[in-house]
Amino acid sequence: MSGRYLLRTFGCQMNEHDSERIAGLLDARGLERTDAVEDADLVLFNTCCIRENADQRLYGQLGRLRAEKARRPGLTVAVGGCLAQKDGADLAARAPAVDVVFGTHNLARLPDLLDTAAASDTPVVEIAAETATFPSTLPAARDKAHTAWVTIAIGCDNSCTFCIVPAVRGREVSRRAADIVAECEMLAADGVVEVTLLGQNVNSYGRDLDGRRPLFADLLRSVDGVAGIQRIRFTSPHPKDLRPETVAAMAECETVCEQLHLPVQAGSDRVLAAMHRGYTAARYLERLESARAGIQDLTVSTDIIVGFPGETEADFQATLDLVEAAQFDSAFTFVYSPRPGTVAAELDDPTPVEEKEDRYRRLTDLQGAISWSRNLELVGRDVEILVEGPSKKDTSRLTGRTRGGKLVHVPDDGNTAPGSLRTARVTGAASHYLTGELAG
Ligand code: SF4
């Protein structure tokens, strides 16, 4: 097939990374990217099924495409990603505009599936149960020149009761360390200075490899040795598997950023047990304290779900207490939404929506105040930023990220290219960003 394609991505970094691979495959076939539906010969959605409203948004967009297809019968519509993996042929039946459905394990097959669909009157659906090709080995069209994601493992062996990921992405499969290092070397040769290592649970990296080595800590040390890579991030570690070795490697490796995303999900032991998380609030706080003790200036973020089935006001108060004790730099907060096919979706959920929304507001108010006070502590300090480019809202300013991942806006000195590492003096703080001046 030829022409232009529009690619929309829903969901997490893993999906964004897969979309880079999808774009790489289409570019290699000579297709050009467009942002306008009316210019596109192929519209492609890389979907997420973690939250219910993502499904609704997708089916809404597919419904609107039906009219576009009636006007332009040559338009091809393809749907991949987690929702496609989960729903397969049902998705094509529910959305008649769809020509191709592919899953999370067979990205590499997309060009062939598009060719098959071009010669077929019925939708082409292909879902694979296992990954034959690690997405990172496919060509990529990266959105940013200086930062890149690198997949280190796919799938998850945990069984959090609210989560559909294990059912969709399958068992955990670790990628060989030598392949990860080789990809980082290739990225460095291409001008990348920051890599983010991706896995559903990076701390269990290597458990399925021969001899159960290397551990994640060993991998951090290996990537730290790649010339040209100046910053390493990773996401996400599971709190129950955060090992002292990982903390030690983070402290020891100069290029590993002082940033930890440690999803807690709830502060009540009863709710944590119902979620099947494998730790108590006290254990979580102990691990967090050890990480902070081992790594100077550690920035910590988390995920929190409000209104898990059966959460009482006392349970919710325990979440507020944990948030107060943990003093997170930031938190991704969600109101629980049931995912069909998960254990939690079958649980009684008597709490009214209004009450959950009120808890959500109380939580975000508290975390907003903590984030602001954490950011205020940086005012007057010099921080290293990796410059991303002009600020989206004010092009007279540049945007960069600290090693802790905090956004910093500084006046553009006209002399700083994206991808530069610069020092900024922090002059102001809000709950979601810092302001400063370039120094030196
Ligand atoms: S660790 Fe839990 S929340 Fe994370 S992907 Fe695995 S099952 Fe889902």
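The values are calculated or read from the model by the stated rules, or taken from the named source; none is laboratory data. No experiment lies behind these values; they were computed from the predicted model shown. A quick note on method: Cβ atoms are made from the backbone with ideal geometry, for glycine too, and the neighbour counts reach across all protein chains shown.
Here are some notes:
- Subset of segment 147-182 (residues that are of a type outside the set (Val, Ile, Thr), more than 16 Å from the ligand (Cβ to nearest atom), assigned to a helix (DSSP H, G or I) and out of contact with any helix residue (DSSP H, G or I) (no Cβ under 6 Å at 6 or more places or on another chain)): ALA178, ASP179, ALA182
- Residue match in segment 216-232 (condition: at negative phi, basic (Lys, Arg) and touching a strand residue (DSSP E or B) at 6+ places or on another chain (Cβ under 8 Å)): yes
- Residue count for segment 265-307 satisfying the condition of being within 16 Å of the ligand (Cβ to nearest atom), more than 20 Å from ASN201 (Cα to Cα) and in contact with an Asp or Glu (Cβ under 8 Å, 6 or more places away or on another chain): 1.
- Residue within segment 421-439 that is farther than 30 Å from PHE316 by Cα and part of a loop (DSSP other than H, G, I, E, B) present: no
- Of residues in segment 250-261 being of a type in the set (A, V, I, L, M) and crowded, with 21+ Cβ neighbours inside 10 Å, the one farthest from the chain's Cα centre (by Cα): MET250
- Restricting SER174, SER120 to residues that are modelled with pLDDT of 85 or more and outside the structural domain of ARG221 (by TED's automatic domain parsing) narrows the list to SER120.
- Candidate set from segment 390-418 (those that are under 23 Å from GLY228 (Cα atoms) and at pLDDT below 95); member that is farthest from the chain's Cα centre (by Cα): ASN415
- Segment 349-370 - residue that is surrounded by 15 or more Cβ atoms within 10 Å (Cβ to Cβ) and at pLDDT below 95 and, of those, farthest from THR312 (Cα to Cα): ASP349
- Whichever residue in segment 274-306 is in contact with a Phe, Trp or Tyr (Cβ under 8 Å, 6 or more places away or on another chain) and not hydroxyl-bearing (Ser, Thr, Tyr) and, among such residues, is surrounded by the fewest Cβ atoms within 10 Å (Cβ to Cβ): ASP303
- Residue that is farthest from the chain's Cα centre (by Cα) [pool: residues in segment 63-80 that are under 14 Å from ALA40 (Cβ atoms) and in a helix (DSSP H, G or I)]: ARG71
- Residue within segment 186-193 that is away from the ligand (no atom under 16 Å from the Cβ) and farther than 30 Å from GLY400 by Cβ present: no
- Taking segment 323-371 as the range and being within 27 Å of GLN259 (Cβ to Cβ), hydroxyl-bearing (Ser, Thr, Tyr) and touching a residue at least 60 places away in the same chain (Cβ under 8 Å) as the test, the residues that pass are SER330, TYR336, SER371.
- Among the residues of segment 137-154, not a single one is assigned by TED's automatic domain parsing to the domain that holds GLN230, on the phi > 0 side of the Ramachandran plot and in contact (Cβ under 8 Å) with a residue 24 or more places away in the chain.
Yes/no matrix, rows are residues, columns are (1) of a type in the set (Ser, Thr, Tyr); (2) within 16 Å of the ligand (Cβ to nearest atom); (3) not in a loop (DSSP other than H, G, I, E, B):
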| position | (1), (2), (3) |
| --- | --- |
| PRO96 | no, no, no |
| VAL101 | no, no, yes |
| ARG109 | no, no, yes |
| ASP112 | no, no, yes |
| SER120 | yes, no, no |
| ALA145 | no, no, no |
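Residue by residue, here is whether (1) more than 21 Å from the chain's Cα centre (by Cα); (2) over 26 Å from LEU386 (Cα atoms); (3) surrounded by 16 or more Cβ atoms within 10 Å (Cβ to Cβ) holds:
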| site | (1), (2), (3) |
| --- | --- |
| VAL192 | no, no, yes |
| THR196 | no, no, yes |
| GLN200 | no, no, yes |
| SER204 | no, yes, yes |
| ASP210 | yes, yes, no |
| ARG213 | yes, yes, no |
| LEU219 | no, no, yes |
| GLY228 | yes, no, no |
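Conditions tested, residue by residue: (1) buried (at least 20 other Cβ atoms within 10 Å of the Cβ); (2) closer than 28 Å to GLY228 by Cβ; (3) not β-branched (Val, Ile, Thr).
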| residue | (1), (2), (3) |
| --- | --- |
| PRO139 | no, yes, yes |
| LYS144 | no, yes, yes |
| THR147 | yes, yes, no |
| ASP157 | no, no, yes |
| PHE162 | yes, no, yes |
| ARG171 | no, no, yes |
| SER174 | yes, yes, yes |
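- Of all residues in segment 196-208, those that are within 11 Å of THR151 (Cβ to Cβ) and not hydroxyl-bearing (Ser, Thr, Tyr) total 5.
- Count of segment 8-56 residues which are assigned to a helix (DSSP H, G or I), more than 12 Å from the chain's Cα centre (by Cα) and not polar (S, T, N, Q): 15
- Members of segment 371-387 that are in a helix (DSSP H, G or I) and crowded, with 19+ Cβ neighbours inside 10 Å: SER371, ARG374, ASN375
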